[in-house]
Amino acid sequence: MELKETYLKGCYIISPRVFYDDRGYFLETFNKNVFFEKTGIIANFVQDNISKSSRGVLRGLHFQKGNHAQAKLVQVIKGSVLDVCVDIRKQSSTFGQYISAVLTGENKKQIYMPRGFAHGFVVLEDETIFSYKCDNFYNQSSESGIIYNDETLNIDWQLAKDEFVISKKDEVLLTFKDLFNE
């Protein structure tokens, strides 16, 4: 397993070792001991989630506040997404900055983001299956988010706006400035 820390401290892009043969492939998607050895982070995932989406579906940018904040390990099982992680840790030198990466069922890359990140993705092909592990349970009253087209963040989602399929809930999220008084 290869882990590369991004310029956002604590946020990693992970390339697992994949073993192919004539039957298909095998890979280890997470190993707590190896992850700790390479990052110094003790990850204790308690909830796994899967979504299935069509091209253009944009989910995010979501996060949990306070005691319900979540670290996440995300990956695509089938299809592809542009995955976006935004640093919302006010004490961080990269507060308000983001990384994006294309995750696919083919490249099998993963992203680990610590607590204190907003997360979202846009689906790049039909029948995409997205998986994520969380280190804290979902709590509806702690749910929050940043509007996908926030001017401060200026995220390049790599699709035209008229291609987006967005939930009503995600269309009315607040701006970065409104949330963080910047």
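Of note:
- Scattering curve values for segment 117-182, log₁₀ I(q)/I(0), Debye with Cα scatterers, q = 0.13, 0.15, 0.27 Å⁻¹: -0.46, -0.61, -1.40
- Mean-position separation - Cα centroids, segment 38-94 and segment 148-165, in angstrom: 18
- Using C-alpha pairs under 8 Å with a sequence gap of at least 6, the mean separation divided by the residue count of segment 85-182 gives a relative contact order of 25 percent.
- Estimated [θ] at 222 nm from DSSP helical runs (n ≥ 4, -39500 (n - 2.57)) normalised by residues in the chain, nearest 500: -2000 deg cm²/dmol
- Cβ crowding within 10 Å ranks 178, 156 as 156, 178, fewest other Cβ atoms first.
- The equivalent ellipsoid of segment 1-71 has semi-axes of 24, 21, 13 Å, largest first, where each one is the square root of 5 times an eigenvalue of the Cα gyration tensor.
- Legend: ranking of residues 115, 17 from fewest to most surrounding C-beta atoms inside 10 Å; resulting order 17, 115.
- Ordered by the number of other Cβ atoms lying within 10 Å of each residue's own Cβ, fewest first, 34, 76, 57 fall into the sequence 34, 57, 76.
- Unsatisfied cross-links (Cα-Cα over 25 Å) in the set 108/133; 38/109; 32/90: 32/90
- The chain - Debye-derived log10 I(q)/I(0), Cα point model, q = 0.13, 0.18 Å⁻¹: -0.65, -1.27
- Multiplying the residue separation of residue 65 and residue 97 by 0.36 nm and subtracting their alpha-carbon distance yields 9.7 nm.
- The calculated FRET efficiency for residue 19 paired with residue 51, based on their beta-carbon distance and R0 = 30 Å, is about 0.65.
- Relative contact order (%) - criterion: Cα under 8 Å, at least six apart; region: segment 2-180: 29
- Inter-label distance for residue 3 and residue 178, nm, one decimal - labels placed 7 Å from Cα along Cα-to-Cβ: 3.7
Where a number appears in this text, it was derived from the coordinates with a stated rule and is not lab data. All values reported here derive from a predicted model rather than from experimental measurement. Every residue, glycine among them, receives a Cβ derived from its backbone with ideal geometry; neighbour counts consider all protein chains shown.
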